[in-house]
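The block underneath contains the structure these notes are about, expressed in structure tokens.
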Amino acid sequence: MLCPSIVQVQCGDTELEKKIDEKIEQFIDRVEKHPNKKNQICLSFYEVKSKQPSWFTNKVERLHWEQWYINLNVAQHPKTHSGKSHHSKVLVDPGDSALEERSIRRAALETSLREVLFQIIKFVNEKKDHVPPIPNLEGVSFPYEITISRYSECLSSYTFK
């Protein structure tokens, strides 16, 4: 757990949690293969509408009613020394300063994450007129899609109006 003081809600749907875990693994793999690159996660919610059936097709259309584009830049911090210098046999003690620095970075990250989460909660609670009625009272209520791509790929796919 990254920030133990931030409560994380779970929906109890093991299939949904499995899909989210797979997307998290996919994101981690991308970050590890392309360190220090900007990435984007898109969380889309939509309704499924049947189009007018034609001769041989029964088309289904996705009507997105909300899409969240989350831009992430994961910076790799330099690794700490393993305890030995490769130039000599002298032990290198990172001391309390490295632990203190890590603790300060973690506290700053937690504060930043908390601020962003509260901004999201505030925004979501203010803007909900466009949300359709809940179609299903059991399990996941709306169809969703999670896509992960590099930030540069996402910029080229935007349509500006």
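Could you please rank C11, C42, placing first whichever residue has the fewest other Cβ atoms within 10 Å of its Cβ?
C11, C42
Would you mind checking which residues have amide H under 5 Å from K37's amide H? H placed 1.01 Å from N; only 5 or more apart, or other chain.
Result for K37 returns V74.
No value in this document is a laboratory result; all are computed from the given coordinates. Because the structure is a prediction, the values reported are computed rather than measured. Quick reminder, even Gly has a Cβ in these numbers, built from the backbone with ideal geometry, and neighbours come from all protein chains shown.
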